[in-house]
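Okay, structure first, notes after.
The values are calculated or read from the model by the stated rules, or taken from the named source; none is laboratory data. Not measured: the values here are computed from a predicted model. Don't worry about glycine lacking a Cβ; one is built from the backbone with ideal geometry, like all the others, and counts go over all protein chains shown.
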Amino acid sequence: MRNTLGVFSRVRLFIDSRRAIMLPVAIAVLLVLPLIIQSQYILRIMVMIGVYSVLALSLNLVTGYTGQVSLGHAAFYAIGAYTSALLSTKLGLNFFVTAPLAAVFAGICGLMLGLPTLRLTGSYLSITTMGFCEVVRMVLLNWESLTNGPLGIQKIPKPMFFGTPLNLANRGLYYLMLAMVGITAYCIHAIVRSNTGRALTAIRDDELAATMMGVRAMRHKVLAFVVSAFFSGLAGAFYAHMINYIDPNTFTFDTSIVILSIVIMGGMGTMTGPFLGSVLLISFPEILRFMAEYRFVVYGAILVIMMRFRPQGFLGGQQLTSYRLPKHVVRPVSGREN
Amino acid sequence: MSLLTVNNITKRFDGLVAVDDVSIRVDEGEIVSVIGPNGAGKTTFFNMLTGIYPVTTGEIIFDGKALHNLTPQEIVERGMARTFQNLRLFADMRVIENVLLGFHTKVKYGFLDTLLRTPRYRKEERELHTEAIEILRSIGLESKIDSYATNLPYGDQKRLEIARAIATKARLLLLDEPAAGMNPQESEELLQFIQSLKKRGYTIVLIEHDMSVVMKISDRIYVLDHGRLIAEGTPEQIGKNKAVIDAYLGKEEE
């Protein structure tokens, strides 16, 4: 059985079976890296990878784990960005106050969208969320008295940390990004490993059977949606203060598609997939910059090839490692048979 | 004392009467079978018991309380769980996760416990996993906890579905054609397994086509045909019942 496995499954097995070492090593590398890299251009790409990791992790909760395909996640990204930007430019509040507020507001919007729409299934839900994304963009574009319309919001202050502005040069933004990614990954992992997470996956696999086991499907779907919107909003807030300027065109349908592509490419329903997907899909356009607009052709071709040969994504699908039992639970005799 | 009493329930889909004025009684610790030819209304009957369909008229009393027209979740919480005619496992979840899901309504820790991984969360998760392994051991699947449900052989999938139903802490298990698609040896093993469940105190209602299974393990049998109850009694009585033989084999030409 082992020798017939694809290369990706082997990579996956290699990483997963060395989890105890891999995670600290990865964190250590990520902490040290900005001290070595001097180029602000590369640092900016790394920070963007972080932002998209948060977006992909949150969408993954809804799409990968719960099986509800949302094509409108850029909307929550936009809501977070605008909320935080407006609170800080109009009221002069610090990023560390505005960002949580922005995330909470995005979560509330997620609740309001989720309650009526999560009764829909499959492509109906996808179309509705896509519509929501467009509605949000139109509101941002036309509510000029608040959002400044197509001109966007300028001069959004950098996050201030005890009087020091965090930017790329002093690496502050990078470490702030790491903290945000860390918090998101921790929370989503905690949810996934719990009774709630099992219910979400059960809804994905067979909603009726889950219902018959006592899962309140609607409630769980909405919960996943709200948590997802919350973290997408957080990513938006971070993005606004990093770039200092946002306009409605930053948050189009294309952005939703990029987030979804990251989730699919990395591997739906995995914790590592969104990271790999972000690294690939965010760095790719930069690496292929010499190809100018043709890079979108390559980008499309990769997705088509992926869908044909590895639809579960690079790291998705069944895992070869054993199920992780909680500590102190005795594993019965033999492990995996097939 | 009767654990489940169904009084005169009827299910009408527009003009079609799928279940017509059926009454049954299931006592604690019994194995009761509901049999009948294809299209007799057995699964519709189950779907009403488990809350998938509302009943048109009639009442279902479980453990002294009315149960009809409650949601499936409320019914599971009251202590009644089912399996499906066509397997409905969580295919891309592991064997142990399928069983853990059965505990869903009984989990006491909340969302905050989950996020903060409080001692309460850890303790309960430990207990749940230990209990899940215990259930899997009792069903002979303990060596396969890591497998994905979809990779199991058919017979194991059937048993896993029962394990999942047991995990809900149900007192009454509704098994919809558990022996369907099994070879004689597998259905013999299943038979023994169901009997062992009875010994452990479960009450079981069975829909089954395989008459050899039904005759061997049932305490009592109800026979449905065209949505109507046409006979009830012990396996011996049913085996001799003229109406039942007619329903299954067709009437003899006069």
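Brief remarks follow.
- Some residue of segment A:219-226 being more than 30 Å from B:ARG164 (Cα to Cα), out of contact with any strand residue (DSSP E or B) (no Cβ under 7 Å at 6 or more places or on another chain) and crowded, with 18+ Cβ neighbours inside 10 Å: no
- Number of the exception - A:ARG119 against (1) at pLDDT below 90; (2) of a type in the set (Lys, Arg); (3) assigned to a helix (DSSP H, G or I): (3)
- Considering segment B:210-238, and only residues there that are assigned to a helix (DSSP H, G or I) and modelled with pLDDT of 85 or more, the residue that is surrounded by the fewest Cβ atoms within 10 Å (Cβ to Cβ) turns out to be B:GLU236.
- Inter-residue pairs, beta-carbon under 6 Å, first over 26 Å from A:GLN68 (Cα atoms) and in segment A:89-115, second polar (S, T, N, Q), 6+ apart: A:THR98/A:SER84; A:THR98/A:SER88; A:ALA99/A:SER84
- Qualifying positions in segment B:86-121 - more than 7 Å from every other protein chain (Cβ to nearest Cβ) and surrounded by fewer than 17 Cβ atoms within 10 Å (Cβ to Cβ): B:ASN86, B:LYS106, B:LYS108, B:GLY110, B:LEU112, B:LEU116, B:THR118, B:PRO119, B:ARG120
- Out of A:VAL7, A:VAL32, one residue alone is out of contact with any Ser or Thr (no Cβ under 8 Å at 6 or more places or on another chain) and at pLDDT below 80. It is A:VAL7.
- Note on segment B:122-148: among residues that are among the hydrophobic types (A, V, I, L, M, F, W, C) and assigned to a loop (DSSP other than H, G, I, E, B), the one that is surrounded by the fewest Cβ atoms within 10 Å (Cβ to Cβ) is B:ILE139.
- Segment A:145-165, residues that are more than 13 Å from A:TYR82 (Cβ to Cβ) and without any contact (Cβ under 8 Å) to a residue 40 or more places away in the chain: A:SER145, A:PHE162, A:GLY163, A:THR164, A:PRO165
- Hey, A:ALA199 touching a His at 6+ places or on another chain (Cβ under 6 Å) and over 19 Å from A:GLY110 (Cα atoms) or not: yes
- Unmet criterion (only one of (1) more than 7 Å from every other protein chain (Cβ to nearest Cβ); (2) within 23 Å of B:ASP21 (Cα to Cα)) for B:ALA81: (2)
- Helices (runs of 4 or more DSSP H) within segment A:230-338 that include 3 or more residues among the hydroxyl-bearing types (Ser, Thr, Tyr) and over 30 Å from B:GLU124 (Cβ atoms): A:253-266
Conditions (1) outside the structural domain of B:GLU208 (by TED's automatic domain parsing); (2) at pLDDT 90 or above, marked per residue:
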| position | (1), (2) |
| --- | --- |
| B:ASP14 | no, no |
| B:VAL22 | no, yes |
| B:PHE46 | no, yes |
| B:GLY58 | no, yes |
| B:ASN69 | no, no |
| B:PRO72 | no, yes |
| B:ILE75 | no, yes |
| B:VAL95 | yes, yes |
| B:LEU100 | yes, yes |
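- Pairs, first facing chain B (nearest Cβ under 7 Å) and without any contact (Cβ under 8 Å) to a residue 24 or more places away in the chain in segment A:189-204, second assigned to a helix (DSSP H, G or I) and among the charged types (D, E, K, R), C-beta under 7 Å, six or more apart: A:ARG198/B:GLU97
- Only strands (runs of 3 or more DSSP E) whose full extent lies in segment B:1-81 are considered here, and the ones with at least 2 residues that are in contact with a Phe, Trp or Tyr (Cβ under 8 Å, 6 or more places away or on another chain) and touching a residue at least 40 places away in the same chain (Cβ under 8 Å) are B:2-13, B:16-27, B:31-35.
- All of A:GLY172, A:GLY182, A:GLY236 fail the test of being away from chain B (no Cβ under 12 Å), surrounded by fewer than 19 Cβ atoms within 10 Å (Cβ to Cβ), within 14 Å of the chain's Cα centre (by Cα) and not aromatic (Phe, Trp, Tyr), apart from A:GLY182.
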